[in-house]
Amino acid sequence: MNAVSPYRVLVVDDDAGDVALVSQAIGEGPFPCIVERARDGIEALERLRPLSADADPDMPHLVLLDINMPRKGGIQVLEEIRADPLLNHLPVVVMSTSTSQWDVATAYRAGACGYIAKPMEIDDLFRAIHGVETYWFGVVRRPE
């Protein structure tokens, strides 16, 4: 039986505590993953664009993107990813503390593949992250 190579997940969030919890949830999830962090939208795009030019194996298989960040917000980052023909294939799931229908609709209009309203309870957050992993890595599966 072949060992499964780890999936790469880029977490784009300015809140170190949220990143730590999401990373822990991914680490305890059902799939082997390497978690990387970008602290804001500019850092995320600076990390993604060079990878796309070379079809780099370090390209993430999933991006978890916060909406409210300094320098460049998540919706703007998502719009730029969707406008870039070398990045627009990336699954991007938005994470936000907002449950506003306007924020959810805006994220989907910008091209989000999913939306997680960050729950206050850690167990709920872990279940949400594991659900995202199961969908993108277990149901959809990345092309090999």
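Note on the chain: helix-only mean residue ellipticity at 222 nm, from DSSP H runs of 4+ residues weighted -39500 (n - 2.57) and normalised by residue number, equals -12000 deg cm²/dmol. Based on the convex hull around the alpha carbon atoms, the chain presents an average projected area of 8.5 nm². In this simple spin-label model, placing a label point 7 Å from the Cα along the Cα-to-Cβ direction at both N68 and V139 gives a separation of 2.9 nm.
Using a probe of 1.4 Å on the protein chains alone, the accessible area found for H61 is around 50 Å². The mean sequence distance of close C-alpha pairs (under 8 Å, at least 6 residues apart), as a share of the length of region 7-139, puts its relative contact order at 27 percent.
Per residue, the chain exposes an accessible area of 52 Å² to a 1.4 Å probe, with every protein chain left in place. Atom-type composition of the exposed protein surface of the chain places 55 percent of the accessible area on carbon and sulfur (1.4 angstrom probe).
Modelled this way, with points 7 Å down the Cα-to-C-beta line, the labels at W102 and F31 are 3.4 nm from one another.
The values are calculated or read from the model by the stated rules, or taken from the named source; none is laboratory data. The shown structure was predicted, so the numbers you read here are calculated from the model rather than taken from an experiment. Every residue, glycine among them, receives a Cβ derived from its backbone with ideal geometry; neighbour counts consider all protein chains shown. Remember, those area values only see protein heavy atoms, side chains included, never the ligands or the DNA or RNA. Shrake-Rupley method; radii C 1.70, N 1.55, O 1.52, S 1.80 Å.
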